[in-house]
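First comes the structure, then the notes that go with it.
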Amino acid sequence: MFATIGHTIELMKMSWGVLRQDRELLAFPLIAGVALALVVGVLALAAAAVGTFERLDEASGQSPNALDAVLGVALYMAASFIVIFCNAALIAAAMERLRGGNPDVRSGLRAALARLPQIAGWALIAGTVGLVLQMLRDRADGMLGRAVIAIAGGAWAYTTFFVVPLLVVEHIGPVEAIRRSGSLLRQTWGRQAAASFGFGLVYVVAVLAAGIPAALAFVLHPLLGVLVAVPLFALAIGTVQALEGIFKAALFSFARGESPRGFEAATLSAAYRAL
């Protein structure tokens, strides 16, 4: 069950306070966005060169082949690695701030690079599980089948919530991090817990805040609308992702018995609650 909007706002205010002290944390989601765009561009050119787009067009009457599948999996895995690597760098920098340090982009990237094999291993595991779940969703019949897949996906997300912080802070491997992640949540908030905060709401507000001026600019001229929309949406989504990373770092710090600066213990203890 989601808690009140007021609780979410309170958590966001605390995360925002940390972000105001280190605006460099915004760089990590933006780096991820640029890297993803480059990877998509390169693989799109490769797909065009080998005729993937023609085969995906139903009107062509052709079926995708093994090479098309390889390109699709490569895109999914590359995206998984980029997102996880930049998230690891963000959390490492956020943890430094929450412990009283003064992080920057280089310190976050150094921390992530130091754990590159472990991050790559986790990206492979997470990407594989994500692909399997997506395939099951596509083939699920009826509401019951989709509900079972949704429950499985939720359980996986819950169990692996702290994997990335564990990789960069406790210097363990991805398999051990999966085990420790679920254990930390259970030890701190019980075996059954529900999130009492909702980043979905924050994303909606951010998109609306960026969309209104972009829409007004589009009315004046479509090109102006695009020029306004791209940086605004990038900044809005990047800000929420940075806030989400800061919050996860604070929650992880609290679960390990630390007192993250800028966050109240009572608020963090209510972030998850027994059902």
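Rule-based calculations on the coordinates, nothing more; no lab input. Bear in mind that the values here come from a model prediction, so they are computed numbers and not experimental data. Reconstructed Cβ throughout: ideal geometry from the backbone, glycine too, with neighbour counts over all protein chains shown.
Below, the figures for the structure above:
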item: Förster radius 41 Å - calculated FRET efficiency between residue 16 and residue 138 (Cβ-Cβ, nearest 0.05); result: 0.60
item: Between region 211-259 and region 27-73, the alpha-carbon center distance in angstrom; result: 26
item: Which of 248, 13 has the fewest Cβ neighbours within 10 Å, and the rest in rising order; result: 13, 248
item: The chain: DSSP helices with Cα axial extent of at least 30 Å and average Kyte-Doolittle hydropathy no lower than -0.5; result: 27-50, 66-98, 116-139, 199-220, 222-255
item: Cα radius of gyration and Dmax for region 102-165 (Å); result: 16.2, 52
item: Highest to lowest packing among 70-83, 123-136, scored as the average C-beta count within 10 Å; result: 70-83, 123-136
item: Using alpha carbons only: equivalent-ellipsoid semi-axes of region 30-112, gyration tensor based, whole Å; result: 39, 10, 8
item: Most to least packed among 200-212, 170-182, 141-153 [average Cβ atoms within 10 Å]; result: 170-182, 200-212, 141-153
item: Calculated volume of the Cα convex hull per residue in Å³ (choose from [x] 110; [y] 128; [z] 169), label; result: [z]
item: GNM top mover of 32, 249, 88 - the chain, alpha-carbon springs below 10 Å; result: 32
